[in-house]
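Inspection log for the structure reproduced underneath, given as structure tokens.
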Amino acid sequence: MAAALLEAGARAVERAPEPALIRRVLGRFATGVTVVTTEVDGEIFGMTANAFMAGSLVPPLCVISLGRGAKMHARLEASRYFGVSFLSEAQAPLAQRFAGHPSVPVAPVFRRLGGVPVLEGGVGTLSAELSDTIGCGDHTLFVGRIVHLAADDRAPLLFYGSRYAALDREQRLEHLAPQSFW
């Protein structure tokens, strides 16, 4: 593999890339936008996160990645459960608010999914019980066992190139649809 890369003109990496370059390159990967929620001592907390993934279908697991310095990190460890709200394109102001801009003039509306707070108005929600944590550099992977799920047919909010974006629902590549292997 290394020989093939060098033949193609690539250089071997001699030192770790700068964080700004890593952020710029990884920002080229389009993701959905989520707000992770939990409740500690009767107070609901939320944080915008795009580092979310499905972990397993059997058992049903999901994974979120949080920086060790994030306030939500300690809150999830304390509460041992969390909600994930997949935001709709109409919820970009909520994404900003929960990304550390509390002055954005939008009031979040919460509901309960299996007793866990989640946001109203998204494309989907889930509630999970914390089942494991895995150290991952300056982040921790929180693995949750999915307990409840709900979905809606709204258009999703996307994140690409450090900006929020909308999905063009008219531009579908039906002829390139993935095979049904799930």
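Please treat every number below as a calculation from the coordinates, not as lab data. Since we're looking at a predicted model, the values are computed, not measured. Cβ sites come from the backbone with ideal geometry, for glycine too, and all protein chains shown count toward neighbours.
Taking other Cβ within 10 Å of each residue's Cβ, how do Leu66, Leu61 sort, fewest first?
Leu61, Leu66
Starting from the 7 Å offset along Cα-to-Cβ, what nm value, one decimal, do you get for the label separation of Val58 and Phe29? In this crude label model, Val58 to Phe29 measures out at 2.7 nm. Dividing the helix sum by the residues of the chain, where each DSSP H run of 4 or more adds -39500 (n - 2.57), gives a mean residue ellipticity at 222 nm of -4500 deg cm²/dmol. Can you work out the FRET efficiency for the pair Ala99 and Asp153, with r the C-beta to C-beta distance and R0 = 30 Å, to the nearest 0.05? My answer for the efficiency is 0.75.
If you run the Gaussian network model on the chain, springs between alpha carbon atoms under 10 Å, then out of Val118, Val58, Val109 the most flexible one is Val58. The ranking of Ser88, Ser65, Ser56, Ser103 from fewest to most other beta carbons within 10 Å of each one's beta carbon is Ser103, Ser56, Ser65, Ser88. Between the entries [x] 108; [y] 210; [z] 176, the label attached to volume of the Cα convex hull per residue in Å³ calculated for this structure is [z]. The ranking of Phe159, Phe98 by Cβ neighbour count inside 10 Å, starting from the fewest, reads Phe159, Phe98.
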